[in-house]
Structure formats: structure tokens, C-alpha cells
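The values are calculated or read from the model by the stated rules, or taken from the named source; none is laboratory data. Small disclaimer: the values here were computed from a predicted structure and weren't measured. Note: ideal-geometry Cβ built from the backbone for every residue, glycine included; neighbour counts use all protein chains shown.
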Amino acid sequence: MSLITITVDRQERIDTVLARQLPEHSRSSLAPLFDVGAVRLGEKPLKPSQRLAPGTKILVDLGALAPRTQEREPAAEALELDIRYEDEWLLVVNKPAGMVVHPAPGHAGGTLVNALLHHYGDSLSTLGDSCRPGIVHRLDRDTTGLLLVARNDLVHRRLAAALARHEIRRCYEALVLGRFDEGSGTIDAPLGRDPQNRQKQAVRADGRAAVTHFAVIESYGQASHLSIELETGRTHQIRVHMAHIGHPVLGDPVYASRRAERARGLPALPGQGQFLHAKRLGLSHPMTAKELDISVEVPERFRLAQAALRGETGT
């Protein structure tokens, strides 16, 4: 049936409640439901920003979702994959810098999805957008490291629900501008779309809750190497949060400034894009309950940047 009942579990925006309880849909994909009055409290249509008391039951007519415009299915491409864990239910892939996760305008091919289709064909989940088979969460194009891929829809739902409940541990390493007086800290600042630039995210009082924990691994002259753990997983969360506290990720083309890096006396760093690496994933396997703890070392570009920041020369 397309008409379902949702019980509000937290007093937050209704569109956020729906996106969390319907993990196969993104908040943006659910937005048309509000436009046509398909989310109701009794007979009263709700707005996406409304907040209701926990325990309130609302009706949602998923049949009102407009069918997706016909999109060209992504093609399989014989691209190399660095698989760090694999079983019949899921994969953990080490994504290189420069690889987009799924096809999007301007990136029709050469993506992780194109590679997954070549290596795994139909053995990927089919929830959500047809251009994103298997994709449970994303990494930005120039962020390297570990990414979960679901091989069937049940696993996808369970992984998405575990992410929503903050049960999957995601640890990153980053090189950021400046030094810290403290050895660790927490950034608790809600995020939403930047009203001045819709391609960016920003700290906003009316945004979605976002919490980032960090600890200093090493300090350089005017930069720091951090370990970062996500409590939530918003778009660009680490990049926006670090810029917000005055320590943008080095090399970030959107939230940092090369001019500011030069003004601090930082050397030229190798390559393009932010120095951000998804180093570790920790989770309870969605089918076997086995504890998985998978990690991958930072890439060569990251190590070369560290050497430059230490003032080391040679190879």
C-alpha cells in the first residue's frame, strides 16, 4: 500500500522524521509529498518544517511521489576497485581521490557506481535512485577512504537504519589549518544549505543537528593532523565544521582558501582537493551481528603533505 502511518519519534522537523524512518528515501526526494499535501495529521496537510510531539501519528501517501524522470542507467565500466572487505551481503571499498561516487550532472561515467556495476552486476541493492545501486552513504569526490556498499535491499535498509541511529563508527583523518590549544574537542553546530550558495552547506540555527568530535594527532608550524569521528553524517559535515571553528581542511576548494594557507607560511602541498581521509569503519554486521572494524592507511598524497608540513625534504 502507498498510504502508510508514521509515528513521530522525535520532536524535530517532519521532513527529517520521514527521512530517518524511510531510509530508502532522501529528504529531498520526499519533498514533493509536502507540495501536494500527501503528509497529513488527520485531514490537515503538514509543512516540512513543522514539529510534532513524539507519539503523534501522521499519514503519508507515498503514492503521491512523482515517478522519476527516465534516466539513462549507469553503464558498467572496467575500473579498478580496492575492496577492503567483502561477503555475500556487503562490501567496504577504499575510494581514491578524484572518483565521484555515483553519476551526476557533469560526471556521467568514471564513478564508483560504474566500477561496481562492472565487478558485481546485479548483485547490488536497488533502493532509492537508480543511479546509486548499492550506495549507502557517500564521500566527496576528493575525500579518500572507506565506503559501505550494500549487496541487497534488506542489508541496505539495515545499514541505513544503523547510520540513522549513529551505530556505525566513522573515523577520519584530516590536515587542517592552524594549531590547537586543546588536545581534543567537539563541534556541535547544526548544518543546512547555505542561503547564499546552494552548492554549499553552512552552520544554521534552523539546520539539522550535526556533531563532530576531533583529537590532535600531530601539530606542525601552522597546521595540524587530526583524528575526527562523526556522530552525525551531514553533507560536507567535517569540512564545514572545521571551517566554522577557523581550522579549514587544507586544500579544500570550497571551504578553505589557498591565500590563507600561504599567509600562514604553509608550503605548496601536492595535488588538488581537501586532505580528508575516511580511515576507519566500525559496525555490527547487519546479517550476522559480527563486529567489523576495518581501517585503511592514508594515501601517498596525504603522507607527502605531512612531510612537507614537517619541513622534510627528499623522498
Residues of region 249-273 that turn out to be under 27 Å from Thr16 (Cβ atoms) and either in contact with a Phe, Trp or Tyr (Cβ under 9 Å, 6 or more places away or on another chain) or not in a loop (DSSP other than H, G, I, E, B) (or both), as a count
2
Report yes if Arg138 is assigned by TED's automatic domain parsing to the domain that holds Val101 and either of a type outside the set (D, E, K, R) or touching a strand residue (DSSP E or B) at 6+ places or on another chain (Cβ under 8 Å) (or both), otherwise no.
yes
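Is region 101-121 home to any residue that is in the same structural domain as Leu147 (by TED's automatic domain parsing), surrounded by fewer than 12 Cβ atoms within 10 Å (Cβ to Cβ), farther than 20 Å from Ala160 by Cβ and modelled with pLDDT of 85 or more? Give the derivation first.
First, the residues of region 101-121 that are in the same structural domain as Leu147 (by TED's automatic domain parsing): 101-121.
Imposing the further condition that a residue be surrounded by fewer than 12 Cβ atoms within 10 Å (Cβ to Cβ) reduces the set to 105-106, 121.
Narrowing the set further to residues that are farther than 20 Å from Ala160 by Cβ leaves 105-106, 121.
Subsequent filtering for residues that are modelled with pLDDT of 85 or more retains 121.
Looking for residues that are in the same structural domain as Leu147 (by TED's automatic domain parsing), surrounded by fewer than 12 Cβ atoms within 10 Å (Cβ to Cβ), farther than 20 Å from Ala160 by Cβ and modelled with pLDDT of 85 or more, one finds at least one in region 101-121, hence yes.
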Near pairs, Cβ below 9 angstrom, 6+ apart or cross-chain, from region 60-87 (at pLDDT 90 or above and part of a loop (DSSP other than H, G, I, E, B)) to any residue that is of a type outside the set (Ser, Thr, Tyr) and surrounded by fewer than 11 Cβ atoms within 10 Å (Cβ to Cβ)
Ala76/Gly121
If I filter region 1-56 down to residues being β-branched (Val, Ile, Thr) and surrounded by fewer than 15 Cβ atoms within 10 Å (Cβ to Cβ), which single residue comes out as nearest to Gly207 (Cα to Cα)?
Thr7
Counting only strands (runs of 3 or more DSSP E) wholly inside region 93-209, the ones holding at least 1 residues that are closer than 30 Å to Ala289 by Cβ are 144-150, 169-177, 184-188
For region 178-193, what are the residues that are more than 28 Å from Gln306 (Cα to Cα) and crowded, with 16+ Cβ neighbours inside 10 Å?
Ala189, Pro190, Leu191, Gly192
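Based on this model, can you work out whether Thr5 counts as under 24 Å from the mean Cα position of the chain (by Cα), β-branched (Val, Ile, Thr) and either within 29 Å of Ser130 (Cβ to Cβ) or not assigned by TED's automatic domain parsing to the domain that holds Asp206 (or both)? Write out each step before concluding.
Details: under 24 Å from the mean Cα position of the chain (by Cα): no; β-branched (Val, Ile, Thr): yes; either within 29 Å of Ser130 (Cβ to Cβ) or not assigned by TED's automatic domain parsing to the domain that holds Asp206 (or both): yes.
Criteria not met by Thr5.
Okay, residues lined up against (1) under 15 Å from Phe275 (Cα atoms); (2) free of Cβ contacts under 8 Å to residues at least 60 places away in the same chain:
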| position | (1), (2) |
| --- | --- |
| Ile217 | yes, yes |
| Arg234 | no, yes |
| His241 | yes, yes |
| Pro248 | yes, no |
| Val254 | yes, yes |
Being modelled with pLDDT of 95 or more, acidic (Asp, Glu) and buried (at least 18 other Cβ atoms within 10 Å of the Cβ) is the filter here, so list the residues in region 247-295 that pass it.
Asp252
Expected output for region 110-126 (first residue hydroxyl-bearing (Ser, Thr, Tyr), partner crowded, with 21+ Cβ neighbours inside 10 Å and part of a helix (DSSP H, G or I), Cβ below 7 Å, 6+ apart or cross-chain) is Ser125/Val155; Ser125/His156
Look through region 7-41, keep the residues that are of a type in the set (Val, Ile, Thr) and not in a loop (DSSP other than H, G, I, E, B), and return whichever of them is farthest from Gly233 (Cα to Cα).
Val39
Would you check if Ala307 is of a type outside the set (Phe, Trp, Tyr), surrounded by 14 or more Cβ atoms within 10 Å (Cβ to Cβ) and free of Cβ contacts under 8 Å to residues at least 24 places away in the same chain?
yes
